[in-house]
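Engineer: Sharing a structure here in structure tokens format.
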Amino acid sequence: MMFVALLSLLIWIYLVLAHGRFWSSKPELLPAAPSELPDVDIVIPARDEAETIEPVIASLLAQDYKGRFRVFLVDDNSTDGTATKAGTAPNLTVITGQPKPEGWSGKLWALSQGIAASNAPVLLFADADIVHDPRHLSALVAKLQQPLDMVSEMVRLNSVSLAEHALVPAFVYFFQMLYPFARVNDPRSAVAAAAGGTVLIRRTALERIGGIAAIRNALIDDVTLAKAVKGSAGEAGAGIYLGHSGLATSIRPYPHWRDLWQMIARTAFTQLRYSALLLLLTLVGLALVWLVPVGTMLFDRGLAQAAGLAAFLLAGLSYLPTLTRYRQSPLWALALPVIALFYMAATLGSALNYWLGRGARWKNRAYGS
């Protein structure tokens, strides 16, 4: 076990010192006033979101942005009265979604209908469970003027139940590890990602990649969009930005462990391109990073035990900034190996669902349909 323990420690030294400072839980987009005021069209795809849509739309209509903005709610064949709950306003348009053509994911087809109805040079794509501080749109537009092609944020996720306390900060932490924000924001780096809850994009950038139709069947649409936009920019491109948000919050609850299991399993195997080999390599890699340190720390002796302890401490310390962001006890860092094991099991469950033909479901239909 000596070699394995030392390898795990070397991986953690690399992650902490040379992996884009993923652990820092930064940057965060702060309130700001834009120097220019382009028209902005906000597109919200919604399917069976009656429980959340009213405060979401109200928060968007209450934006303090001094320019012209409109909200387009695309009701994607809801059965719970989502459109009625949204209310009415002069700058709110409710679009009844049309039947989805073959080859489109449900969310992207809904987005495409909102985009087609809009004409502003700047578009904001936002989820139907995100409430926005009145200063949010102004801050997003100000950031876009750096200039950038696209601005995206990891909004603050709901964290109230015990399951959420255990797993939601870890979800954000693992996302940062997979896509270090500093590298996403570096135009010299090939790393690209976005968080779909809030995406502000120039229409010219969207048209440059062939419109939303270019990614029509993507199930992890936010990351796919970011890769397309960053990859199409060229050497003189304006770049993309991904950060944390203190001005937008998800109100979608995940009160039970099974809710978060389903959330993880819905796209985990998709991330691995449905590859059994990538699944095996991922599980082995995760075991090396998360399980080997605690195992050697508890059950080995000598140098292997010391290496395991050092790796365990580095992992725990790297988690503290995310726990601080979510106002959680630092003691949750001690549970990271167990939390990682839950994510590993959900990833394996995602693969089993795919192989058994069960697939993932979202809002009473097959995910992506």
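Engineer: Kindly indicate which of D259, D221 is open to solvent by less than 50 Å² (accessible area, probe 1.4 Å), over 24 Å from L323 (Cβ atoms) and among the acidic types (D, E). So that I can check it myself, show each step before the final result.
Structural biologist: Working: D259 fails: over 24 Å from L323 (Cβ atoms).
Going through D259, D221 in turn, just one is open to solvent by less than 50 Å² (accessible area, probe 1.4 Å), over 24 Å from L323 (Cβ atoms) and among the acidic types (D, E): D221.
Engineer: To continue, here is another question. Output the number of residues of the stretch 31-44 satisfying the condition of being out of contact with any Gly (no Cβ under 7 Å at 6 or more places or on another chain) and assigned to a loop (DSSP other than H, G, I, E, B).
Structural biologist: First, pick out the residues of the stretch 31-44 that are out of contact with any Gly (no Cβ under 7 Å at 6 or more places or on another chain): 31-36, 41-42, 44.
With the extra rule that they be assigned to a loop (DSSP other than H, G, I, E, B), the set shrinks to 31-36.
Number satisfying all stated conditions: 6.
Engineer: Condition test on V74, is it open to solvent by less than 30 Å² (accessible area, probe 1.4 Å), of a type in the set (V, I, T) and not in a helix (DSSP H, G or I)? Break it down into steps so the answer makes sense when it comes.
Structural biologist: Working: open to solvent by less than 30 Å² (accessible area, probe 1.4 Å): yes; of a type in the set (V, I, T): yes; not in a helix (DSSP H, G or I): yes.
For V74, the condition - open to solvent by less than 30 Å² (accessible area, probe 1.4 Å), of a type in the set (V, I, T) and not in a helix (DSSP H, G or I) - is met.
Engineer: If only one of G239, G210 is modelled with pLDDT of 95 or more and on the phi > 0 side of the Ramachandran plot, which one is it?
Structural biologist: Working: G239 fails: modelled with pLDDT of 95 or more.
Answer to the selection: G210.
Engineer: Continuing with the same structure: Go through G106, G97, G67 for me and flag whichever is of a type outside the set (A, V, I, L, M, F, W, C), on the phi < 0 side of the Ramachandran plot and under 21 Å from the mean Cα position of the chain (by Cα). So that I can check it myself, show each step before the final result.
Structural biologist: Numbers: G97 fails: under 21 Å from the mean Cα position of the chain (by Cα); G67 fails: under 21 Å from the mean Cα position of the chain (by Cα).
Step by step, each of G106, G97, G67 is checked, and only G106 is of a type outside the set (A, V, I, L, M, F, W, C), on the phi < 0 side of the Ramachandran plot and under 21 Å from the mean Cα position of the chain (by Cα).
Engineer: Take L6 and decide whether it is touching a residue at least 24 places away in the same chain (Cβ under 8 Å), in contact with a helix residue (DSSP H, G or I) (Cβ under 6 Å, 6 or more places away or on another chain), in a helix (DSSP H, G or I) and of a type in the set (A, V, I, L, M, F, W, C).
Structural biologist: On the way: touching a residue at least 24 places away in the same chain (Cβ under 8 Å): yes; in contact with a helix residue (DSSP H, G or I) (Cβ under 6 Å, 6 or more places away or on another chain): yes; in a helix (DSSP H, G or I): yes; of a type in the set (A, V, I, L, M, F, W, C): yes.
Taking the combined requirement at face value, the residue satisfies it.
Engineer: So P134 ticks every box in (1) under 21 Å from the mean Cα position of the chain (by Cα); (2) not in a helix (DSSP H, G or I) but one. Which box is left unticked?
Structural biologist: In the conditions (1) under 21 Å from the mean Cα position of the chain (by Cα); (2) not in a helix (DSSP H, G or I), P134 misses (1) alone.
Engineer: Could you identify the single residue in A340, A315, A306, A310 that is free of Cβ contacts under 8 Å to residues at least 12 places away in the same chain and closer than 21 Å to M1 by Cβ? Break it down stepwise before answering.
Structural biologist: Details: A340 fails: free of Cβ contacts under 8 Å to residues at least 12 places away in the same chain; A315 fails: free of Cβ contacts under 8 Å to residues at least 12 places away in the same chain; A310 fails: free of Cβ contacts under 8 Å to residues at least 12 places away in the same chain.
Just a single option satisfies the conditions, and that option is A306.
Engineer: Please count how many residues of the stretch 112-130 are open to solvent by 10 Å² or more (accessible area, probe 1.4 Å), touching a strand residue (DSSP E or B) at 6+ places or on another chain (Cβ under 8 Å) and among the aliphatic types (A, V, I, L, M).
Structural biologist: Counting residues in the stretch 112-130 that are open to solvent by 10 Å² or more (accessible area, probe 1.4 Å), touching a strand residue (DSSP E or B) at 6+ places or on another chain (Cβ under 8 Å) and among the aliphatic types (A, V, I, L, M) gives 2.
Engineer: Further question on the same structure: Has the stretch 285-293 got any residue that is surrounded by fewer than 16 Cβ atoms within 10 Å (Cβ to Cβ) and aromatic (F, W, Y)?
Structural biologist: no
Engineer: Just checking, how many residues over the stretch 313-337 are closer than 18 Å to L288 by Cα and open to solvent by less than 40 Å² (accessible area, probe 1.4 Å)?
Structural biologist: The qualifying residues number 8.
Engineer: Using the structure shown, decide if G231 is open to solvent by 40 Å² or more (accessible area, probe 1.4 Å), in contact with a strand residue (DSSP E or B) (Cβ under 7 Å, 6 or more places away or on another chain) and either among the charged types (D, E, K, R) or over 20 Å from G106 (Cα atoms) (or both).
Structural biologist: Judged against the criteria, G231 is not a match.
Engineer: Among the numbered criteria (1) assigned to a loop (DSSP other than H, G, I, E, B); (2) touching a Ser or Thr at 6+ places or on another chain (Cβ under 8 Å); (3) without any contact (Cβ under 8 Å) to a residue 40 or more places away in the chain, which single criterion is violated by D48?
Structural biologist: Against the list (1) assigned to a loop (DSSP other than H, G, I, E, B); (2) touching a Ser or Thr at 6+ places or on another chain (Cβ under 8 Å); (3) without any contact (Cβ under 8 Å) to a residue 40 or more places away in the chain, D48 comes up short only on (3).
Engineer: Just checking, which of A310, A340, A345, A306 is modelled with pLDDT of 95 or more, assigned to a helix (DSSP H, G or I) and either open to solvent by less than 20 Å² (accessible area, probe 1.4 Å) or over 26 Å from Y14 (Cα atoms) (or both)? Give the steps one after another, and end with the answer.
Structural biologist: Details: A310 fails: either open to solvent by less than 20 Å² (accessible area, probe 1.4 Å) or over 26 Å from Y14 (Cα atoms) (or both); A345 fails: either open to solvent by less than 20 Å² (accessible area, probe 1.4 Å) or over 26 Å from Y14 (Cα atoms) (or both); A306 fails: either open to solvent by less than 20 Å² (accessible area, probe 1.4 Å) or over 26 Å from Y14 (Cα atoms) (or both).
On inspection, the qualifying residue turns out to be A340.
Engineer: While we're here: Can you tell me which of (1) out of contact with any helix residue (DSSP H, G or I) (no Cβ under 9 Å at 6 or more places or on another chain); (2) within 30 Å of A116 (Cβ to Cβ) is the one K230 doesn't meet?
Structural biologist: Tallying (1) out of contact with any helix residue (DSSP H, G or I) (no Cβ under 9 Å at 6 or more places or on another chain); (2) within 30 Å of A116 (Cβ to Cβ), K230 fails exactly one: (1).
Engineer: Could you tell me how many of the residues in the stretch 141-175 are closer than 25 Å to T282 by Cβ and open to solvent by 10 Å² or more (accessible area, probe 1.4 Å)? Walk me through it before giving the result.
Structural biologist: From the stretch 141-175, those closer than 25 Å to T282 by Cβ are 152, 154, 157, 163-164, 166-175; that's our starting set.
Restricting the remaining residues to those that are open to solvent by 10 Å² or more (accessible area, probe 1.4 Å) gives 154, 157, 171, 174-175.
Count: 5.
Engineer: Looking at the stretch 9-30 only, could you name the residues that are out of contact with any Pro (no Cβ under 7 Å at 6 or more places or on another chain), in contact (Cβ under 8 Å) with a residue 40 or more places away in the chain, in a helix (DSSP H, G or I) and not β-branched (V, I, T)?
Structural biologist: Answer for the stretch 9-30, where residues must be out of contact with any Pro (no Cβ under 7 Å at 6 or more places or on another chain), in contact (Cβ under 8 Å) with a residue 40 or more places away in the chain, in a helix (DSSP H, G or I) and not β-branched (V, I, T): L9, W12, L15.
Engineer: Also, I was wondering about something else. Just to check your reading of the model, which residue among L242, L247, L277 is aliphatic (A, V, I, L, M), free of Cβ contacts under 8 Å to residues at least 60 places away in the same chain and either crowded, with 19+ Cβ neighbours inside 10 Å or more than 18 Å from L178 (Cβ to Cβ) (or both)?
Structural biologist: Numbers: L242 fails: free of Cβ contacts under 8 Å to residues at least 60 places away in the same chain; L247 fails: free of Cβ contacts under 8 Å to residues at least 60 places away in the same chain.
L277 is the lone residue from the list that is aliphatic (A, V, I, L, M), free of Cβ contacts under 8 Å to residues at least 60 places away in the same chain and either crowded, with 19+ Cβ neighbours inside 10 Å or more than 18 Å from L178 (Cβ to Cβ) (or both).
The values are calculated or read from the model by the stated rules, or taken from the named source; none is laboratory data. Note that the coordinates shown come from a computational prediction; the quantities given were computed from them, not determined experimentally. Don't worry about glycine lacking a Cβ; one is built from the backbone with ideal geometry, like all the others, and counts go over all protein chains shown. Protein only, heavy atoms only, side chains kept; ligands, DNA and RNA dropped before computing areas. Shrake-Rupley method; radii C 1.70, N 1.55, O 1.52, S 1.80 Å.
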